[in-house]
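Please read the structure below before turning to the comments.
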Amino acid sequence: MPPQPGIGAAPALEPELPARSTPIRLSPAPPDVPRSTYTRGRRRPRAIAWFGFTAFWGHLRHLVASAIATENIDSRQWMVPDAPPRLIERAADVLSERGAKKAPTLVEAMGRDLWIDFVADTGDDVSVSEAVARLVFGTYELEDGTRLPRGDVLILGGDLAYPVATVREVSRRLVKPWNRVLEELGDEVPRVLLAIPGNHDWYDGLDGFARLCQAPCAFEQTESPLSQRALHPVTNEFPVLAWADAFRRGVAVDKPDTMALYGYTSIQRASYFRLPLAPSLELFAVDRQLKRIDPRQQAYFRVPSSGARIVMMPDPARAYGEVRPNGALMLNAIGIDAAQVPTLFIAGDVHHYERSSEGASLHVVAGGGGAFLHGARVSPRGAAYRIDAEFPGPRASRQMLGRLPWHVASGGSGWLITAVFAAGHALALLAYVNASPRAALGVSFAMSVSVAVGTALLIGWRRHRAWRSIPFAMAFGLLTGMLPVDVALIIDRLGVFLTGAGALPRTFWMVIAWLVATWGSGLAFGAMLAMIHRLGLNHSQPFAALGSPAYRHFLRLRVDHEGRVEVFAVGLVDPLAKDEKPLLIDRFTWSAHSPLRHDGGAEDDLTSARGDRIEEHGDRPSG
């Protein structure tokens, strides 16, 4: 096997591949060229429609959870985080069949380079989940002969399932499709499972998260991780009815005691942890719950260290060319200054791949584990930092945004917004028919105010330039609120012109007006979402409405004895398309002493992946 670039002098012994595993040759990422369509899943459960009634349940859970998730009701206060030596001991016990022995760090325990897989924002469309599982659990080979075996450790970066990571949703959107792939691979030699929760995990109070990711206590009688009950948990098919029946009978809803991924063993007891990876490198995995870092966690992470750190968080400190307040507050809470302390930051939450530099530190966003895509920033103005690599790029993102108005108007984003518009327009048209156009204008004005307030909240006017977002929201509110009256006036006159007075009942024309106004409002809502992304006002909601299954990815990290980390970002452009091949979308080496180096032909890969970004700014990124 040829020498491995970027990894240090310690023997780079590789784990053995299972007999049936054949490495897949990774191709470089293609240029940022748009595609006409991306394949959507057809099996149930399908992807969450972000402006649908199912997602509304998730938003309601968010509101309730945020209201009660105060310092007075914080389950992290009941957690006793693992001391790093104890966590290493548990990891070595699990990995003993892979050659691990007792040692102060995981690389020393393995006696070779350590491989870690990181994937975040996972369980949504079940077909995409299965495709992502095949991606994550594959073994790969690069064009220069470098082999990428499956990780010894799998780290889930938060948001296990959508819209709320309940036991039911984690089971059917993550555990079952992933286990179908893992059981097919048939590698039973144990690996370690670690995780940090995201906001969607906390909406259910970590119930689903804990049943999959929390290690049992020594006194608990638990089932084998390979038992059928753990691998194929049975959950309530109709959870609302099950809850109502349990409430009536005064009992708890029946849930599986535990869930498991085939071949993986959970070892953590708290929702956050520290893990010594190499003599000069430690991993910090942080949990902010729904608000902020708690005092116990601050004390746990505020420890002196002379080595480098990888910090994994549920929210990035940077994304879309902007500083993200939640991530920045987390770093401040645990006393890490990216500009002063060389650190590799890895986070999910944003369903996009992005890498940027901050002094000797690197920020990597990798939330491509299966949920809907967040596209790249397309506004050339207002970026706070330079983006060095991303997947997808601005060209593909702009092309996808062009389909958003029709997608929303046709119900692809769900029918909740359409239903709200339909109800408001019906009231306005009833007033128009039964009273007068002036009365209808009053109803339309009230609707305009409601839509404007809702739009401002959706944009996030307190965070995204109020002087731009508030006038925009007012204009959109006025447009949609007045639409039914304008359409009614036009159709009223058109009906008389086409058929003569009294030829058809006026009610018929008002139904036509109602349908046209409702469809037009959906089209306008989609156009508004596309526009706020193009203007840089909001980058999340437009692509959430689009719900694209494209551009899935995960990270494979190799850590050597010297604490150097080589990172490979592996992805699929269209995960459900036939004959789609995995791609190497980014590759770099990082350590505290030499924070960034591209290896081999990686610079060409990065240039192709971000070609449009280079064109926009008129300069060539340095390697």
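Listed here are the residues, each with its yes/no results for (1) at pLDDT below 90; (2) over 20 Å from PRO84 (Cα atoms); (3) not assigned by TED's automatic domain parsing to the domain that holds ALA83.
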position	(1), (2), (3)
ALA270	no, no, no
ALA285	no, no, no
SER305	yes, no, no
GLY321	no, yes, no
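Tally up the residues in the range 110-136 that are part of a loop (DSSP other than H, G, I, E, B) and crowded, with 24+ Cβ neighbours inside 10 Å, please.
Total meeting the criteria: 6.
Consider ALA91 carefully, then state whether it is over 20 Å from HIS561 (Cβ atoms) and either of a type in the set (Phe, Trp, Tyr) or part of a helix (DSSP H, G or I) (or both).
Details: over 20 Å from HIS561 (Cβ atoms): no; either of a type in the set (Phe, Trp, Tyr) or part of a helix (DSSP H, G or I) (or both): yes.
No; evaluated as a whole, the condition is false for this residue.
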Search result, residues across the range 559-591 that are in a strand (DSSP E or B) and either basic (Lys, Arg) or outside the structural domain of THR105 (by TED's automatic domain parsing) (or both):
ARG587
Conditions first: (1) touching an Asp or Glu at 6+ places or on another chain (Cβ under 8 Å); (2) closer than 29 Å to GLY370 by Cα; (3) modelled with pLDDT of 95 or more. VAL126 passes all but one, so which condition is the exception?
(1)
Just for the range 472-493: of the residues that are aliphatic (A, V, I, L, M) and closer than 16 Å to PRO437 by Cβ, which one is surrounded by the fewest Cβ atoms within 10 Å (Cβ to Cβ)?
ILE490
Identity of the residue in the range 262-288, surrounded by fewer than 22 Cβ atoms within 10 Å (Cβ to Cβ) and among the polar types (S, T, N, Q), that ends up nearest to LEU185 (Cα to Cα):
THR265
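Inside the range 286-308, can you point out the residues that are in contact (Cβ under 8 Å) with a residue 40 or more places away in the chain, within 18 Å of PRO342 (Cβ to Cβ) and not in a loop (DSSP other than H, G, I, E, B)?
Matches in the range 286-308: ALA308 only.
Kindly state which helices (runs of 4 or more DSSP H) lie completely within the range 165-213 and contain at least 2 residues that are touching a residue at least 60 places away in the same chain (Cβ under 8 Å). First the steps, then the outcome.
On the way: elements: 167-170, 176-185, 199-202, 207-213.
Filter on the range 165-213 gives 167-170, 176-185, 199-202.
Does VAL420 satisfy being out of contact with any Lys or Arg (no Cβ under 9 Å at 6 or more places or on another chain), assigned to a helix (DSSP H, G or I) and surrounded by fewer than 22 Cβ atoms within 10 Å (Cβ to Cβ)? Explain how you work it out, then say what you get.
On the way: out of contact with any Lys or Arg (no Cβ under 9 Å at 6 or more places or on another chain): yes; assigned to a helix (DSSP H, G or I): yes; surrounded by fewer than 22 Cβ atoms within 10 Å (Cβ to Cβ): yes.
Answer is yes for this residue.
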Using the structure shown, decide if VAL443 is buried (at least 18 other Cβ atoms within 10 Å of the Cβ) and in contact with a helix residue (DSSP H, G or I) (Cβ under 7 Å, 6 or more places away or on another chain).
yes
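One line per residue, one yes/no per condition, for (1) β-branched (Val, Ile, Thr); (2) assigned by TED's automatic domain parsing to the domain that holds PHE56; (3) free of Cβ contacts under 8 Å to residues at least 24 places away in the same chain:
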residue: ILE387; (1), (2), (3): yes, yes, no
residue: ALA396; (1), (2), (3): no, yes, no
residue: TRP406; (1), (2), (3): no, no, no
residue: ALA423; (1), (2), (3): no, no, yes
residue: LEU427; (1), (2), (3): no, no, yes
residue: ALA431; (1), (2), (3): no, no, yes
residue: SER436; (1), (2), (3): no, no, yes
residue: GLY442; (1), (2), (3): no, no, yes
residue: ILE459; (1), (2), (3): yes, no, no
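The values are calculated or read from the model by the stated rules, or taken from the named source; none is laboratory data. Note that the structure is predicted; figures quoted are calculated from it, not measured. Counting neighbours? That spans all protein chains shown, and the Cβs are built from the backbone with ideal geometry, glycine included.
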